[in-house]
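Have a look at the structure below before the remarks.
The values are calculated or read from the model by the stated rules, or taken from the named source; none is laboratory data. Fair warning: this is a prediction, and the values are worked out from it, not measured in the lab. Cβ placement follows ideal geometry from the backbone for every residue including glycine, while neighbour counts extend to all protein chains displayed. Accessible surface is based on the protein model in full, side chains and every heavy atom, while ligands, DNA and RNA are left aside. Shrake-Rupley method; radii C 1.70, N 1.55, O 1.52, S 1.80 Å.
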Amino acid sequence: MKKDNDTIKVSSESKLQLPLANLIGIILVVSGAVFGYANLTGRITSLETARHIMETDLISKSDQKITDQEQYLLLEMLSKSQETTDSEMHSMRNNTVELNRAMEDIKDMKRIIEELKDKVRANGNGQSY
């Protein structure tokens, strides 16, 4: 057995009674949900925009321009030139030592030649040089 009072009838003339505290609570919850959703979508949009800008900048910076290629070629040329200069410097490093040794040998030879001249003069066989 069904009672007619158990069914709810909704029409344009239906009246709904709701306590004021419940109405304010429902309005606050709905407005909080709308405000939260708006903030969340705004934050997601700003993060996606920042990521897109970063990717665009990264791609544009990674493209080599003509001036970059010229600078790279100049750097390569200077690097090879520096390597050549370094190898020449390494080969010339011992030249100073060899020159100093040769100067000492020349001084010794001058001293020996002077001693020989003195001996020749002492024997009376030589002319004055």
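Applying the condition of being aliphatic (A, V, I, L, M) and open to solvent by 100 Å² or more (accessible area, probe 1.4 Å) to the stretch 98-115 and asking which residue is modelled with the lowest pLDDT yields L99.
Being assigned to a helix (DSSP H, G or I), under 20 Å from the mean Cα position of the chain (by Cα) and of a type in the set (D, E, K, R) is the filter here; which residues of the stretch 52-89 pass it? Correct list: E55, D57, K61, D68, E70, E76.
Is it the case that L58 is open to solvent by 100 Å² or more (accessible area, probe 1.4 Å) and at pLDDT 95 or above?
On the way: open to solvent by 100 Å² or more (accessible area, probe 1.4 Å): yes; at pLDDT 95 or above: no.
So L58 does not fit the description; no.
Would a scan of the stretch 73-80 turn up a residue that is surrounded by 10 or more Cβ atoms within 10 Å (Cβ to Cβ) and either touching a residue at least 40 places away in the same chain (Cβ under 8 Å) or among the β-branched types (V, I, T) (or both)? No, that holds for no residue.
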